Amino acid sequence: MNVDDRPLPFHYQFFAGAIAGISEILTMYPLDVVKTRIQLQVGTAAQAEYTGVIDCFTKIVKNEGPATLYRGISAPILMEAPKRATKFAANDEWGKFWKKTFGVEKLNQSLAILNGASAGATESFIVVPFELVKIRLQDKSKANYYKGPIDVLLKTVKSDGILSLYSGLEATLWRHIVWNAGYFGVIFQVRDLLPIATDSTSKTRNDLISGMIGGIVGTALNTPFDVVKSRIQSGSHPGKYSWTLPSLGTILREEGFGALYKGFLPKVLRLGPGGGILLVVFTNCMDFFRGVYYK
């Protein structure tokens, strides 16, 4: 059996996913803050405070200080371990399920997409409260209202009840199912097109290329759902944005098609390279753990 295919117990997958996720978030988080700020701008381009990624970066640093680019990072740091661990572990476990269900030894392109979508749905239930906390801390209009993650939790539960922590669940399901289906489906296809890896350097190259392309495609597919999720979870427009498809229609009608892709550039700049970082770190951790486990 090829060393890359040897199975590992769940806890090894969990730790590999956690390490990969934290590595990615520490590297790429400022782009997430910029993405959220741009997505929360309601109205036409002429009414926008931020005209683009560089303008948003510049204004945040100039007017609020560089530390603002990391505002709310504690929530995603706490989220990243279970989120990324769940993503990769669920992808592996769902893969076993679908192979058994369809009686195949290896996933094909269609099953890779189905497998990614299943992992994305599983991941969604873990991340929603963390995402809500992160969005509210990143929202400039609430900068003086929330003191930190615990304050967000307490005030949200006090004003709207504990179930409000799952506000935006349906939009999050759409976002994660679509992204993971695109990400893992593209990785499967790109890996088949790349030259066969013959050593650790070429393996890392293939993982980086396929992960980056997968991240870009996943982002292109799921950005409209991410815009809706951000607006629902910010809580700044109660009643206006609720269910995903009607909210997409509202944004399209009031702001035009381009508004569905607000924040796309910082998002793709993060999740393109970030997808590569994730896959490289995850696969290298898994290889390391295999060396320990099968020693």
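Extension gain for F288-A45 works out to 82.6 nm (0.36 nm per residue, less the C-alpha to C-alpha distance). A 1.4 Å probe run over segment 10-288, with the rest of the protein chains in place, finds 45 Å² accessible per residue. Modelled label positions at T27 and S202, each set 7 Å beyond Cα in the direction of Cβ, lie 2.3 nm from each other. Here the ratio of the Cα radius of gyration of segment 1-82 to 2.2 N^0.38 Å is 1.55.
Each peptide in 284-291, 181-188 receives the mean, over its residues, of other Cβ atoms within 10 Å, and ordering these scores from highest gives 181-188, 284-291. Each of F57, G276, A117 was placed along the dipole of segment 10-288 (beta-carbon charges, centred on the mean Cα), and the one lying farthest toward the positive end is F57.
If I take every Cα pair under 8 Å that is 6 or more residues apart in the chain, average their sequence separation and divide by the length, what percent do I get for the relative contact order?
Values: 429 pairs, mean separation 77.7, N = 295.
Rounded, it is 26 percent for the chain.
Packing-wise, with mean Cβ within 10 Å as the measure, how do 154-163, 231-240, 34-43 rank, highest first? Show your work: numbers first, answer last.
Values: 154-163: 12.1, 231-240: 17.7, 34-43: 22.3.
Per-residue mean Cβ counts within 10 Å order the peptides as 34-43, 231-240, 154-163.
Listed by chain and number, the aspartates and glutamates placed with their C-alpha closer than 20 angstrom to that of K240 are E131, D139, D160, E170, D226, E254, E255; residues fewer than eight positions away on the same chain are left out. In whole percent, how big is the carbon plus sulfur part of the accessible area of segment 1-150, probe 1.4 Å, protein atoms only? Carbon-and-sulfur percentage of accessible area, whole number: 64.
Relative contact order for segment 136-295: 26 percent, from Cα pairs under 8 Å spaced at least 6 residues apart, divided by residue count. The listed peptides 137-146, 251-260, 68-77, ordered by packing as a protection proxy, come out as 68-77, 137-146, 251-260 (highest mean of other Cβ atoms within 10 Å first). Modelled this way, with points 7 Å down the Cα-to-C-beta line, the labels at H237 and F125 are 3.0 nm from one another.
Among W174, W179, W98, W243, what's the order by accessible area (1.4 angstrom probe), most exposed first?
Values: W174 95, W179 20, W98 40, W243 160 Å².
Result, largest first: W243, W174, W98, W179.
Output the 0 to 90 degree angle, nearest 10, between the alpha-carbon long axis of helix 74-102 and the longest principal axis computed from the alpha carbons of the chain. Once rounded, the angle reads 40 degrees. Report the label-to-label distance for A67 and S164 in nanometres (one decimal), using points 7 Å from each Cα along the Cα→Cβ vector. Spacing of the two 7 Å Cα→Cβ label points: 2.8 nm. Legend: distances between Cα atoms for K155/K262; K62/K140; K35/K229; K140/K229; K99/K295; pairs beyond 19 Å are K155/K262; K99/K295.
The values are calculated or read from the model by the stated rules, or taken from the named source; none is laboratory data. Just so it is clear, the structure is predicted and the values come from calculations on it, not from any experiment. Neighbour counts are summed over all protein chains in view; Cβ atoms, including those assigned to glycine, are modelled from backbone coordinates with ideal geometry. With ligands, DNA and RNA removed, areas are computed over all heavy atoms of the protein, side chains included. Shrake-Rupley method; radii C 1.70, N 1.55, O 1.52, S 1.80 Å.
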